[in-house]
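The values are calculated or read from the model by the stated rules, or taken from the named source; none is laboratory data. If you're wondering where the values come from, they're calculated on a predicted model, not measured in any experiment. We place every Cβ from the backbone using ideal geometry, glycine too, and count neighbours over all the protein chains shown.
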């Protein structure tokens, strides 16, 4: 049995991805090595890195990024497309709605034009992150 801070029942990949994207220092890999061996955690970490990387590229290339679009569909997904001429880079990333909300939130924080988070993005992000708090309340009499 691998010991880590979250019960298996709430190892929600979307929630882990969201917290790792929005607050990457929350789970320290060097102190929680067994936790990071979990397949869901590995996938969440990789997706969070992809989202942070895209935001970093867009933020650093504000004047050079063209054709930036985040298209959401009703089926639970989204597609981010952008081009950075100075790097001769064209990128397409398929995202879940939670990943798109994280991307929009982080892009808003970084001042990326054209990718503003909506109130729905923020609500989805709040609900997703709240899943990590389930079952983590202090026991009675503690504190």
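Output the residues belonging to the range 41-88 that are in a helix (DSSP H, G or I), in contact with a helix residue (DSSP H, G or I) (Cβ under 7 Å, 6 or more places away or on another chain) and crowded, with 16+ Cβ neighbours inside 10 Å.
Selection gives 41, 44, 45, 47, 48, 51, 52, 54, 55, 58, 59.
Among the residues of the range 90-107, count how many are buried (at least 18 other Cβ atoms within 10 Å of the Cβ), touching a residue at least 60 places away in the same chain (Cβ under 8 Å) and in a strand (DSSP E or B).
0
Do the conditions hold for residue 129, that is, is it assigned to a helix (DSSP H, G or I), at pLDDT below 95 and either crowded, with 17+ Cβ neighbours inside 10 Å or more than 16 Å from the chain's Cα centre (by Cα) (or both)?
Yes; evaluated as a whole, the condition is true for this residue.
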